[in-house]
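A quick write-up on the structure given underneath.
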Amino acid sequence: MTTLHLALQRLAAAAARQAARAATLAALLVLSACGGGGTGTPAPAQPLPSSALECERLAYPCDWSQVDAAIVAESNRLGGDVAARLDAGGDTDAAVAWLKTQATLAEVQHDERSIRFRLPGGRGVWVLADEGRPLAPAGAAAPLAAPRKQAQGVIRAGATQRRALVLSPFRWQHETFAVDHVVARLAAIDGYDITLRQNSSEDERTVWVDDYASFADYDVVHLSTHGAELCRDRATGQRIDPCRIGIDVGVTVQPADDIAAAGYPGVELFVTRKGHRHLAVTPDFFRAVYPQGLNQKLVFIDACLGGDPTLMASLGGSSGVTLGFSNVVYAEFAQGVGDALYELLGRGLSVQEAMARLGDSLAQEDGTRLVSNQRDIRLRDLLGVRDLTGGELLADGSAVDALSRPGDGQPDRLRLALQVDGLTPDRLDGVALRVSRDGSTLAQLPLAGSAVADGEDRLRFEFELPLGTDTQPGETLALRFALSLPEGGFTVLDVAPRVQDPSALPREWQMTSTTIAYGVGSTTTKIANLVWELEPDDDPTRRYRYYRVKSGTLTVSFVGDLNSCRTQWETTLTIPTGASNHSLKFDTVAGLFDGVANAAGQAVQATGVCADGSTLPVTTSAGGVYLMADDVPVAGGGTSGFSGAYNSGAQLPTLIEYSFTPLR
């Protein structure tokens with residue numbers, strides 16, 4: 001069973017449990033900041049221009065530091081007093097009526113769940129009244145319309161390193177705010193550097209406002225937090241267009257100081273049940289900090305109402321991809337969705353392909369679902385290329401074999417196999433591979449009809465690449481493989497392998513050896529079959545070349561007398577990769593070879609048959625030396641294979657015969 005199937009099973013199980021557990025989940029998982037939502041489903045909000053901050057249009061302070069300290073203190077006090085009235089059993093209508101008797105208000109709006117007010121010269125304060133779910137779908141239910149064809153292909157195609165930021169300001173509240181699954185999925189993608197920041201206690205500030213202002217430094221951002229929304233004003237019965245949306249930053253225990261020191265436009269104050277204070281950021285915050293949006297990035301706001309269209313518009317810019325939930329979401333369900341989605345993205349699927357494959361599993365039982373701004377992107381490049389002659393995966397400095405002899409005056413070719421992740425054979429119309437060397441195109445090859453499935457979400461395409469010139473032994477080939485993608489954009493692999501010198505030592509040897517060790521009344525025979533490979537850090541420019549065991553077996557048999565009882569046994573040992581006391585060294589200048597293979601002893605249980613017909617249990621050991629060579633000359637440096645022998649010279653000698661055959 002694949003990890004995706006397991007993720008989907010967990011997701012389905014979480015959805016099935018929702019109805020039975022709704023009451024407890026509301027208290028444990030949703031928490032106070034997931035309140036909000038209006039009645040009915042408003043039409044999709046039209047995003048404001050990126051430069052049009054509400055505070056500028058309505059001429060009130062954009063930053064709490066611009067607000068008089070007395071107004072800051074009064075805003076904080078009134079928020080706490082309103083929350084106390086709601087805690088005592090009052091409803092939002094009565095609380096707003098009371099609030100209007102206490103102060104002159106620049107604005108106030110509320111629904112059944114939430115109140116937002118602002119004092120003249122002040123900034124917005126939210127009072128979130130209920131930890132339960134909205135009575136009806138909220139304004140974010142309709143995703144922002146954005147052309148899917150605004151595709152960027154792969155995030156920073158061809159990059160060798162990418163960065164991801166994972167934030168969980170409320171990790172302390174409950175296990176369901178853990179983001180380990182996101183970190184693990186992203187860390188499994190080659191080349192991703194993951195920054196995890198989370199608050200482990202209510203007063204911790206590991207995650208704070210500055211982190212929300214750092215998204216531009218990353219390629220992928222995943223934020224697990226709370227959200228609140230107002231889409232309809234009960235006092236007027238009118239829809240609020242666009243809906244008001246706030247994304248929780250974290251708890252403040254010194255609200256007057258913290259909001260004044262926030263230092264960014266678009267920060268507002270959340271007051272939750274029992275008067276707890278949080279800071280929150282609004283679309284104005286993201287418009288101010290990222291005036292051009294977060295282009296060519298993926299931002300996943302894993303929060304209640306994180307799929308609000310205005311919020312998405314403030315983040316997406318012209319080409320960024322944003323994800324969020326259309327309404328209040330249970331954190332347990334959101335975890336399952338994130339796990340399943342990132343598993344598919346890690347395989348190389350695009351965001352839209354992954355969401356289409358997950359289908360209805362992206363929706364809670366009540367209809368809340370993961371939505372996007374309908375753009376597409378992939379988290380990683382999709383290509384790997386293998387040299388079919390030598391079998392090696394192409395990498396900077398790796399060896400590649402030309403089909404004709406380098407340096408012979410004839411144009412050379414390579415036999416290659418392209419591996420493509422995240423694509424299937426039915427989506428290859430118009431998909432083509434372009435291979436270039438130093439900026440000059442060597443080949444353009446369509447994949448449709450030629451590429452074949454090579455496992456789940458992986459293709460294989462074999463081809464010959466004409467280089468157009470006669471290569472020289474050891475020459476570096478600066479190659480670029482660029483594959484167009486069905487949704488638009490490209491995935492890229494830049495690699496610089498070296499042309500294999502046919503006169504150089506092979507990268508792997510096949511060794512066979514036969515060892516016969518004579519003892520008093522006994523003979524031990526060892527038959528070895530090993531593959532040796534160049535050490536991973538071997539330097540081809542050095543005089544001495546070193547090899548280690550890649551794999552192999554050693555079969556040991558014994559016939560002889562032990563304690564006057566005739567004993568015979570045979571066993572086979574597995575020689576592991578990089579086994580100790582195994583090494584080969586070649587002196588490429590002097591043409592000399594040194595080698596040793598000494599297997600660690602392994603206990604053997606045998607039975608001896610004695611002269612009187614009785615039997616005797618015997619415990620002995622199998623292993624020992626089966627290759628020994630010290631500065632042995634090899635013809636031609638050994639490049640075409642060689643053989644040799646060793647004789648210990650003892651009265652009861654150990655004899656070893658060995659042969660080496662080049663593999664590649």
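Quick note: the coordinates plus some simple rules give every number you see, no bench work behind them. Since the structure is predicted, the reported quantities are computational estimates derived from the model, not experimental observations. Here the Cβ positions follow ideal geometry from the backbone for every residue, glycine too, while neighbour counts run over all protein chains shown.
Quick notes on this one:
- Placing a pseudo-label 7 Å from each Cα along the Cα-to-Cβ vector at Trp569 and Leu663 gives an inter-label distance of 3.0 nm.
- With a cut-off of 12 Å between beta carbons, the residues surrounding Gly317 carry a summed charge of +3, where Lys and Arg count +1 and Asp and Glu -1.
- The GluC sites (Glu not before Pro) of segment 335-444 that DSSP puts in a loop, and whose beta carbon has at most 14 other beta carbons within 10 Å, are Glu365.
- For segment 318-324, backbone phi angles converted through the Karplus equation (6.51, -1.76, 1.60; θ = phi - 60°) give residue-by-residue couplings of 9, 9, x, 10, 10, 10, x Hz, Gly and Pro being listed as x.
- In this simple spin-label approximation, Asp408 and Asp454 carry label points 7 Å from Cα along the Cα→Cβ vector, and these lie 2.7 nm apart.
- Across segment 508-662, the relative contact order, built from alpha-carbon pairs under 8 Å that are at least six residues apart, equals 24 percent.
- Computed extension length for Ala84-Asp241: 53.6 nm, one decimal, from 0.36 nm per residue of separation with the Cα-Cα distance subtracted.
- At R0 = 30 Å, FRET efficiency that the Cβ-Cβ distance of Gln254 and Asp217 yields, to 0.05: 0.60
- Nearest-0.05 FRET efficiency for Leu445 and His174, computed from C-beta distance (R0 60 Å): 0.70
- Gained length - Ile527 relative to Lys585, 0.36 nm times residue gap less alpha-carbon distance: 18.7 nm
- Residues in segment 618-634 reached by a label modelled at Ala600 [backbone nitrogen below 14 Å; 7 Å Cα→Cβ]: 622-624
- From helices alone, the chain scores -5000 deg cm²/dmol at 222 nm; the rule is -39500 (n - 2.57) for each run of n ≥ 4 DSSP H residues, then divide by the residue total.
- Of the two radii for the chain, the radius of gyration is 1.16 times the Kirkwood radius, both from the alpha carbons; that is the Rg over Rh value.
- For Tyr544 and Thr195, the FRET efficiency from 1/(1 + (r/R0)^6), where r spans their Cβ atoms and R0 equals 35 Å, is about 0.25.
- With θ taken as phi - 60° and the Karplus curve 6.51 cos²θ - 1.76 cosθ + 1.60 applied, the whole-hertz 3J(HN,Hα) list for segment 357-362 is 5, 6, x, 5, 6, 7 Hz, x standing for glycine and proline.
- Cut-off 20 Å (backbone N to label point 7 Å along Cα→Cβ of Leu655), residues of segment 504-518: 512-518
- Under 5 Å between amide hydrogens, built in the peptide plane, is the criterion, and for Ser551 it picks out Val531 among residues at least 5 positions away or on other chains.
- Put simply, the amide H of Leu433, placed in the peptide plane, has neighbours under 5 Å in Leu445, Leu447, leaving out anything fewer than 5 places away on its chain.
- Working from label points 7 Å from Cα in the Cα-to-Cβ sense, the Ser65 to Thr553 distance is 7.3 nm.
- Rounded to whole numbers, the Karplus 3J(HN,Hα) couplings from phi for segment 223-239 are 10, 10, 7, 10, x, 9, 8, 10, 10, 8, 9, 5, 5, 9, x, 9, 6 Hz, using 6.51 cos²θ - 1.76 cosθ + 1.60 with θ = phi - 60°, and x at Gly and Pro.
- Proximal lysines relative to Lys297, as straight alpha-carbon distance under 29 Å, when same-chain residues fewer than 8 apart are discounted: Lys149
- Cα-based shape type of segment 508-662, given that a ≥ b ≥ c are square roots of the gyration tensor eigenvalues and the cut on a/c is 1.5: prolate
- Rel. contact order, % - alpha carbon contacts under 8 angstrom, at least six apart, segment 383-499: 32
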